[in-house]
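Chemist: Quick one: the structure is below, and I'll ask about it shortly.
The values are calculated or read from the model by the stated rules, or taken from the named source; none is laboratory data. These numbers come from a predicted model, not from an experiment. Cβ: placed from backbone, ideal geometry, glycine included. Neighbour counts: every protein chain shown.
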Amino acid sequence: MNNHSKKPIVLSISGHDPTGGAGIQADTEVFNHYHCHPCSILTCLTVQDSRTVHRLISLNADNIIEQANVLFADMPIAAIKIGLTGSIDCVEAIETVLLQHPNIPVIFDPVLASGNGTALADDQLISAIKNKLIPLTTVITPNTLEAYKLTGLPITSSIESLGFSLLELGPSYALITGGHIAGEHINNRLFHKNKLIASHQWPRRPGEFHGTGCTLASAITALIAKNTDILSAVTQAQEYTNHCIQHAEQLGRGQRFPCRIK
């Protein structure tokens, strides 16, 4: 157990991206950067390239629960990161796992669309996410478009209204990222206990990027697993993500991939 105390064990529950730009592979890169041991459970396979997701292939929900039961019986998981869920069955399976381990921090990046806007969740799946996963979440990290979908608020609503409405769904903290709002800078806002507790501004880099949400949420997860307080974890994770975007690489014919190794 001494090795475990030196190297926190983190679990990613998300989809597989064959390009390596997002999903489980991106999470693993981030966890390794922070010297955490990465464990993973797949929710779905995807047919995708660096431009868009062409198809989701959901995996068996019972297998998700079985993997989790075996894993948690063997290893002391310090934090859980959730990404692409893929189906209502998978959401229900993840809920079962989280309810069995209520004291482990949960960081949820609610992937509802691909980088180019292709929908990855219908209204029924969004409803399941809202009712079953968000109330069990420590930190939720949606972009503004995802926040609008989750809250049902009109797009004319203020970011503060979005943040407060997200908190009403049950997470302890809500970090709304502003990459989808036009402007020279990206503004990310952190909400807690019905208050805006932190606002960070970052320069907008030219181009489109694939996997930035995974990078940010995984960095927060790793830092929390290393006993960093949540406010500091959110700040440091944004700094890391900004660095990764600054050094992004054009590896395919679509979006650029953040460089997570530094």
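Chemist: Identify the residue in the stretch 31-77 that is among the charged types (D, E, K, R) and under 17 Å from C90 (Cβ atoms) and, among all such residues, is surrounded by the most Cβ atoms within 10 Å (Cβ to Cβ).
Modeler: For the stretch 31-77, the residue satisfying everything is E66.
Chemist: Considering only the stretch 168-189, state which residues are more than 24 Å from I129 (Cα to Cα) and not in a loop (DSSP other than H, G, I, E, B).
Modeler: H185, I186, N187
Chemist: Turning to a different aspect of this structure: Is one or more of the residues making up the stretch 206-215 closer than 25 Å to G20 by Cα, in contact with a helix residue (DSSP H, G or I) (Cβ under 8 Å, 6 or more places away or on another chain) and charged (D, E, K, R)? Before the answer, list the steps.
Modeler: Narrowing the stretch 206-215 to residues closer than 25 Å to G20 by Cα: 206-215.
In the following step, the residues that additionally are in contact with a helix residue (DSSP H, G or I) (Cβ under 8 Å, 6 or more places away or on another chain) were identified as 209, 211-212, 214-215.
Narrowing the set further to residues that are charged (D, E, K, R) leaves none.
No: zero hits.
Chemist: Suppose we filter the stretch 118-134 for residues that are in contact (Cβ under 8 Å) with a residue 12 or more places away in the chain and touching a helix residue (DSSP H, G or I) at 6+ places or on another chain (Cβ under 9 Å); how many remain?
Modeler: 10
Chemist: While we're looking at this one, here's another question. Of everything in the stretch 56-83, what is under 24 Å from P258 (Cβ atoms) and at pLDDT below 95? Give them in sequence order.
Modeler: Within the stretch 56-83, the first condition is being under 24 Å from P258 (Cβ atoms), and the residues that meet it are 56, 78-83.
Residue satisfying the conditions is L56 alone.
Chemist: Still on this structure, I have one more. What about K130, is it modelled with pLDDT of 95 or more, surrounded by fewer than 21 Cβ atoms within 10 Å (Cβ to Cβ) and either closer than 28 Å to T52 by Cβ or in contact with a Phe, Trp or Tyr (Cβ under 6 Å, 6 or more places away or on another chain) (or both)? Give the derivation first.
Modeler: Working: modelled with pLDDT of 95 or more: yes; surrounded by fewer than 21 Cβ atoms within 10 Å (Cβ to Cβ): yes; either closer than 28 Å to T52 by Cβ or in contact with a Phe, Trp or Tyr (Cβ under 6 Å, 6 or more places away or on another chain) (or both): yes.
It is true that K130 is modelled with pLDDT of 95 or more, surrounded by fewer than 21 Cβ atoms within 10 Å (Cβ to Cβ) and either closer than 28 Å to T52 by Cβ or in contact with a Phe, Trp or Tyr (Cβ under 6 Å, 6 or more places away or on another chain) (or both).
Chemist: Does the stretch 5-22 hold any residues that are assigned to a loop (DSSP other than H, G, I, E, B), closer than 19 Å to P105 by Cα and either at pLDDT 95 or above or among the acidic types (D, E) (or both), and which are they?
Modeler: Initially, the stretch 5-22 is screened for residues assigned to a loop (DSSP other than H, G, I, E, B), giving 7-8, 17-22.
Now narrow it down to the ones that are closer than 19 Å to P105 by Cα: 7-8.
Listed by number, the list holds a single entry, P8.
Chemist: State which residue is farthest from the chain's Cα centre (by Cα) when the search covers only the stretch 213-262 and only residues that are surrounded by 24 or more Cβ atoms within 10 Å (Cβ to Cβ) and of a type in the set (S, T, N, Q).
Modeler: Q255
Chemist: Taking the stretch 234-262 on its own, how many of its residues are out of contact with any strand residue (DSSP E or B) (no Cβ under 8 Å at 6 or more places or on another chain), charged (D, E, K, R) and farther than 20 Å from A198 by Cα? Write out each step before concluding.
Modeler: Applying the first criterion (out of contact with any strand residue (DSSP E or B) (no Cβ under 8 Å at 6 or more places or on another chain)) to the stretch 234-262 yields 236-237, 239-241, 243-244, 246-247, 252-254, 260-262.
Filter once more, keeping what is charged (D, E, K, R): 239, 253, 260, 262.
Of the ones still in play, those that are also farther than 20 Å from A198 by Cα are 253, 260, 262.
Summing the residues that are out of contact with any strand residue (DSSP E or B) (no Cβ under 8 Å at 6 or more places or on another chain), charged (D, E, K, R) and farther than 20 Å from A198 by Cα in the stretch 234-262 gives 3.
Chemist: So in the stretch 165-205, with the set limited to residues that are within 18 Å of the chain's Cα centre (by Cα) and aromatic (F, W, Y), which one is nearest to K81 (Cα to Cα)?
Modeler: Restricting to residues being within 18 Å of the chain's Cα centre (by Cα) and aromatic (F, W, Y), the top hit is Y173.
Chemist: If you don't mind, another one. Residues being among the small types (G, A, S) and either modelled with pLDDT under 95 or in a helix (DSSP H, G or I) (or both): count how many of those fall in the stretch 23-47.
Modeler: Counting residues in the stretch 23-47 that are among the small types (G, A, S) and either modelled with pLDDT under 95 or in a helix (DSSP H, G or I) (or both) gives 2.
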